[in-house]
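In what follows, a structure is listed as structure tokens, so that the remarks can point back to it.
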Amino acid sequence: MDEPISIKLNQLFENTQLFLASYNNKEQWQTLYPVICKIAEQFRLLYNENPFSLQAQLALFNPKYDYSTNLVIGQCALTTALCSSQHYNNELSELYISVALVEHLCVCKQLNKLAEHTDFNVNDKKVWQLRHQLAAKIILSAGESAKPIAQILAKLSKYKQALVSTPKIMLYDGGITLVALANIIAMNTTYNAEKKHIDLFKALGDLYIRTPNLFAQQLIKALIAHIGPLLPGSQVLYSEQSMLYLMTNTLQRHILISTNEKNKITWYRVKASLNDNPKQWYCTNQKLHLMVWNSEHIKTTNDVSANESLRLLDLISRIKLQHEYSYKGLSQIMAEHPQIIVNLCEAVRPYNKEHQLAKDLKHSLSMVGYLNVPAIIQRVVFERLVNVTPHPLQQFVLKRLTCLVNIMGLIVKHNKNYQFEHIALPLYAYTYYLLTQCSTRLSRKVLISETPNNDLSDPFCVLFGVDGIDQEQLSTQLKQLLSDNPWTHALLEAEQIPKKQFNSQHKLWITLKVVAQSVFKPELALTVWQKQILNEQLKLQGWSNQSTFNQQLLALNLSNSI
């Protein structure tokens, strides 16, 4: 039988406190990383099961723990809520929760002084200034696995400052922005002795107005929509009685409790306009922190938005390139995907001289022909799939993918033997793999080595900031998604077999990487081998000379979309 929510909550709070206390014992430092991962997972799982119980910790200050522990619990709850509002996957969510957990590891004593408005001594100031470096040093004792946490900590202070500063400082990493946002809000809303903290929605509103960062503003709007107008755990006035708001059910009835009678909790289910006080308050009643969340009245609803990816993957599996479809057969397969039909009507524009929009599915098929349509449909579905896979760097990834697709389209522009969509499909599948399986490692960096590998070609993942990839896992996923596409096998082989074994299809993928390198990392000169491949392939693809190709490459304005 599953444990009650109260037991899980209590374990989470106790584990967080014990983790923060472990800083005082240097012998434990090397063992902290798995503990961090476990607590981050606890936050995520508990939030998925009962989000209201963790949202309530933003309104309830627990005197059982000191200020620093309450702050960390609140910041982790905020981080989890932000990730949930964005539908980030488990790996991303746990990474950001881990950073929220680790950030204050070395400065709990100093945080408690801040809450008491006690002045820092010289040592306090030094530790506070170096808090992120100290935390990174401790967790890196666990090895390379903790590196993503350390990388976020290294930039966190800069991001926090930029979010509240007037000048528009460019912030490129959405994940660090999310963690910094949670920290700023937690610091402003956690209860302190002087009662100078503010309520959650005021803190969010003030920061929304103050920050010039568009991504941070989007996060704030999404969080407010995710939590709703009333904060669980906040105090409300109903029937001239002070009560506690817990949640609003699917019938739009508010679940309230009253503790006015000693040792008794009275439950109410009301449909009324309520105004709450979402300012964190000093709550000595441990039942409100833990036991009330066991009630059968607190029921969560399942989020169905994540199902779209599964439906799109199913559609991809049902559309085969080597199969000729009838209109009736395609209309039956796509009946449950009206948005894909709309996107298909747009995608067929290049297939007519007037670049007309198709009226419907039948009109789309008549424009491109039944032999060509499976690849075009798959491309449209993959575009949608990548678009609905959430990631803090999603816009960058989409733009980088679009650049690669456009470059490949230009390379094979004159070759009438190839259908461009067939070649483009593996790029979409590869990018989807990176978004789902390498989500915590994606970055804006181009990691092409300045020392060329004489045996193997750099994989495509380096263009998305990923320095290495599980080729077996990649092969399995791409072959499942595009089992009947020969270009998929050519792409995978071009990253795994020695250069001397390359055939013409392999070299086409290498040519794409060479051109992409010249666009995304122009300071790195092409090798003699890369130049030879480029010249050879451009001639095979029908280009009279490289100069003409370069002129049309410039016309794509790819640098403006990065």
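Listed values, structure above:
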read-out	value
Any hit, the range 271-288, residues being open to solvent by less than 60 Å² (accessible area, probe 1.4 Å), modelled with pLDDT of 90 or more and either aromatic (F, W, Y) or touching a Cys at 6+ places or on another chain (Cβ under 9 Å) (or both)	yes
Hits in the range 245-260 (condition: aliphatic (A, V, I, L, M) and either open to solvent by less than 10 Å² (accessible area, probe 1.4 Å) or in contact (Cβ under 8 Å) with a residue 60 or more places away in the chain (or both))	L246, M247, I255, L256, I257
Search result, residues across the range 238-265 that are among the polar types (S, T, N, Q), within 15 Å of A56 (Cα to Cα) and out of contact with any His (no Cβ under 7 Å at 6 or more places or on another chain)	none
Number of the condition not met by L204 [criteria: (1) part of a helix (DSSP H, G or I); (2) open to solvent by less than 10 Å² (accessible area, probe 1.4 Å); (3) touching a residue at least 40 places away in the same chain (Cβ under 8 Å)]	(3)
Residue in the range 183-192 that is open to solvent by less than 10 Å² (accessible area, probe 1.4 Å) and without any contact (Cβ under 8 Å) to a residue 60 or more places away in the chain present	no
Options K271, K299; residue that is touching a residue at least 40 places away in the same chain (Cβ under 8 Å) and under 37 Å from the mean Cα position of the chain (by Cα)	K299
Options A216, A193; residue that is in contact with an Asp or Glu (Cβ under 8 Å, 6 or more places away or on another chain) and of a type outside the set (D, E, K, R)	A193
Selected residue (only one of E346, E354, E336, E383 is among the charged types (D, E, K, R) and touching a residue at least 40 places away in the same chain (Cβ under 8 Å))	E383
Residue count for the range 321-371, restricted to those that are open to solvent by less than 70 Å² (accessible area, probe 1.4 Å) and assigned to a helix (DSSP H, G or I)	16
Qualifying positions in the range 260-289 - touching a strand residue (DSSP E or B) at 6+ places or on another chain (Cβ under 9 Å), within 23 Å of K8 (Cα to Cα) and among the hydroxyl-bearing types (S, T, Y)	Y282
Conditions (1) modelled with pLDDT of 90 or more; (2) in a loop (DSSP other than H, G, I, E, B); (3) in contact with a strand residue (DSSP E or B) (Cβ under 9 Å, 6 or more places away or on another chain): number failed by V292	(2)
Whichever residue in the range 493-519 is aliphatic (A, V, I, L, M) and in a helix (DSSP H, G or I) and, among such residues, is farthest from D455 (Cα to Cα)	V519
The range 275-286 residues that are free of Cβ contacts under 8 Å to residues at least 24 places away in the same chain, paired with ones that are assigned to a loop (DSSP other than H, G, I, E, B) and of a type outside the set (F, W, Y) (beta carbon under 9 Å, 6 or more apart)	none
Residues that are in a helix (DSSP H, G or I) and aliphatic (A, V, I, L, M), drawn from the range 466-483	L474, L478, L481
Residues of the range 61-97 that turn out to be in contact with a Ser or Thr (Cβ under 8 Å, 6 or more places away or on another chain) and among the aliphatic types (A, V, I, L, M), as a count	6
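Here is a yes/no grid of residues against (1) under 13 Å from M408 (Cα atoms); (2) more than 36 Å from the chain's Cα centre (by Cα); (3) open to solvent by 70 Å² or more (accessible area, probe 1.4 Å); (4) modelled with pLDDT of 95 or more:
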site: I510; (1), (2), (3), (4): yes, no, no, yes
site: V515; (1), (2), (3), (4): yes, no, no, yes
site: S518; (1), (2), (3), (4): no, no, no, no
site: P522; (1), (2), (3), (4): no, no, yes, no
site: W529; (1), (2), (3), (4): no, yes, yes, no
site: K539; (1), (2), (3), (4): no, yes, yes, yes
site: Q546; (1), (2), (3), (4): no, yes, no, no
site: A555; (1), (2), (3), (4): no, no, yes, no
site: L558; (1), (2), (3), (4): yes, no, no, no
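The values are calculated or read from the model by the stated rules, or taken from the named source; none is laboratory data. This is a predicted model, so every value here is computed, not measured. Neighbour counts are summed over all protein chains in view; Cβ atoms, including those assigned to glycine, are modelled from backbone coordinates with ideal geometry. Just so you know, the surface numbers come from the protein's heavy atoms only, side chains and all, with ligands and any DNA or RNA stripped out. Shrake-Rupley method; radii C 1.70, N 1.55, O 1.52, S 1.80 Å.
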